């Protein structure tokens with residue numbers, strides 16, 4: 001299985017999390033400078049078009065980008081605290097129409113002080129896509145950062161549903 005992992009703003013994929021993902025397949029994890037590249041979504045869609053990506057996983061800013069890449073490729077996605085409602089950097093948001101049923105698992109931290117989970121709910125309620133099965137989890141112990149144990153649990157849960 002080919003996995004596209006998208007890191008958050010100024011982040012990267014930690015080796016411990018990469019090891020977890022590699023249990024499920026080959027991991028593609030590009031370095032993305034969201035601050036200077038306002039067109040990240042379309043560039044990544046084009047860059048990975050021939051790689052047969054099968055799932056998209058992203059965190060924070062990477063969750064935002066992953067939300068739209070999953071639509072572009074019609075892929076299941078696992079999104080941790082996605083910056084859907086507001087972001088500190090500008091990004092162009094393309095329109096991808098997905099006529100096929102897709103799956104998005106969204107994990108929100110109730111104590112997230114970077115991405116307000118209530119704002120994410122507001123975004124989703126306003127922008128519900130009719131061809132998407134949403135599985136939304138609010139983890140009461142979670143803030144913005146995703147500890148390795150939570151990452152491992154949510155990744156296992158996600159792949160168990162595919």
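In terms of packing, defined here as the mean over residues of other Cβ atoms within 10 angstrom, the peptides 66-72, 150-156 line up highest first as 66-72, 150-156.
Adding -39500 (n - 2.57) for every DSSP H run of four residues or longer, then dividing by how many residues the chain holds, sets the calculated 222 nm ellipticity at -10000 deg cm²/dmol. Packing, as the average of other Cβ atoms within 10 Å across residues, places the peptides 83-93, 121-131 in the order 83-93, 121-131, highest first. Put the Cα centre of the range 1-45 next to the Cα centre of the range 104-130 and the gap is 20 Å.
Modelled spin labels at residue 89 and residue 35, positioned 7 Å past Cα toward Cβ, are 0.8 nm from each other.
Once divided by 2.2 N^0.38 Å, the Cα radius of gyration of the range 1-58 becomes 1.12.
Taking a point 7 Å out from the Cα of residue 126 in the direction of its Cβ, the residues of the range 89-103 whose backbone N falls within less than 18 Å of it are 89-96. The Rg/Rh ratio of the range 55-162, with both radii computed over alpha carbons and Rh defined as the Kirkwood radius, is 0.93. Label separation (residue 98 vs residue 51): 1.7 nm, computed from points 7 Å beyond Cα along the C-beta direction.
Read-outs throughout are calculated quantities, based only on the coordinates presented, and are distinct from any laboratory measurement. Note that the coordinates shown come from a computational prediction; the quantities given were computed from them, not determined experimentally. All Cβ positions, even for glycine, are placed from backbone atoms using ideal geometry, and neighbour counts span all protein chains on display.
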